[in-house]
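Only one structure is covered here, and it is reproduced in the block below.
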Amino acid sequence: MKFSAAALLAVLALSAAAPATAENVIRLSEPVEVGAGYEVFGAPVGEAGEPVRLGEIIAASDQYAGQEVHATAKVAKVCQKKGCFFVAHDGEATARITFVDYSFFVPTDSGGKDVTIVGTFNRKTLSEAQAQHFAQDAGEDPSKVQGPREEYSIVATSVVIPTS
């Protein structure tokens, strides 16, 4: 599926956003595991298998739709209100990452980090109201969002984030 120039520009704007500073970082969830150089949020990863780049998953989206994936990507933008979602990218491929049953959050300073995500992959349509809500939570102008949006998503059970 091809994305419009406006969608690509929105992703590029998200990638250029400044990361949170230490004094305004919000951490509403504690990691379930802390290792040398990483933290795991959500459920322990366990035997999730070898991770696949997000771009490869999106390129074969029909094959992965509705399936559990073990993906790697870079965090482009995190919800700055409480870390309740983030946008991940791998080259031009992007996906919104939310958390199963709204059960955990990621630190708001996770932007720019290469993460590993375990969860269910899908493609869905956001209503204009949903897209405006997400834009506002990401610190953008929601009035610039017009009409419904197609997007890829992963509802994560686990996110592994490097600590450095």
Original post:
Among the residues of region 143-162, is there at least one that is in contact with a Lys or Arg (Cβ under 6 Å, 6 or more places away or on another chain), exposed (fewer than 14 other Cβ atoms within 10 Å of the Cβ) and not β-branched (Val, Ile, Thr)?
Top reply: yes
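For region 53-64, does any single residue satisfy the condition of being touching a Gly at 6+ places or on another chain (Cβ under 6 Å) and either outside any strand (DSSP E or B) or in contact (Cβ under 8 Å) with a residue 12 or more places away in the chain (or both)? Please lay out each step first, then the result.
Our first condition is that a residue be touching a Gly at 6+ places or on another chain (Cβ under 6 Å); within region 53-64, this holds for 55.
Narrowing the set further to residues that are either outside any strand (DSSP E or B) or in contact (Cβ under 8 Å) with a residue 12 or more places away in the chain (or both) leaves 55.
The answer is yes, given that some residue of region 53-64 is touching a Gly at 6+ places or on another chain (Cβ under 6 Å) and either outside any strand (DSSP E or B) or in contact (Cβ under 8 Å) with a residue 12 or more places away in the chain (or both).
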Subject >> Cβ-Cβ under 7 Å pairs, at least 6 apart or on other chains, region 103-132 side farther than 24 Å from SER29 by Cβ and in contact (Cβ under 8 Å) with a residue 40 or more places away in the chain, far side surrounded by 19 or more Cβ atoms within 10 Å (Cβ to Cβ) and not aliphatic (A, V, I, L, M) >> reply: ARG123/TYR152
Original post:
When you go through (1) more than 16 Å from ALA156 (Cα to Cα); (2) surrounded by fewer than 18 Cβ atoms within 10 Å (Cβ to Cβ); (3) within 15 Å of the chain's Cα centre (by Cα); (4) modelled with pLDDT of 95 or more one by one for ASP90, which number turns out not to apply?
Top reply: (2)
Subject >> Counted residues, region 1-49 - those being assigned to a loop (DSSP other than H, G, I, E, B), at pLDDT below 50 and either in contact with a strand residue (DSSP E or B) (Cβ under 7 Å, 6 or more places away or on another chain) or not hydroxyl-bearing (Ser, Thr, Tyr) (or both) >> reply: 8
Original post:
Just to be sure, is SER143 within 21 Å of PRO44 (Cα to Cα) and not in a strand (DSSP E or B)?
Top reply: no
Original post:
Tell me, which residue of region 65-81 that is among the polar types (S, T, N, Q) and in a loop (DSSP other than H, G, I, E, B) is farthest from TYR152 (Cα to Cα)?
Top reply: GLN80
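The values are calculated or read from the model by the stated rules, or taken from the named source; none is laboratory data. What you are looking at is a predicted structure, and each value in this text was computed from that prediction instead of being measured. Every residue, glycine among them, receives a Cβ derived from its backbone with ideal geometry; neighbour counts consider all protein chains shown.
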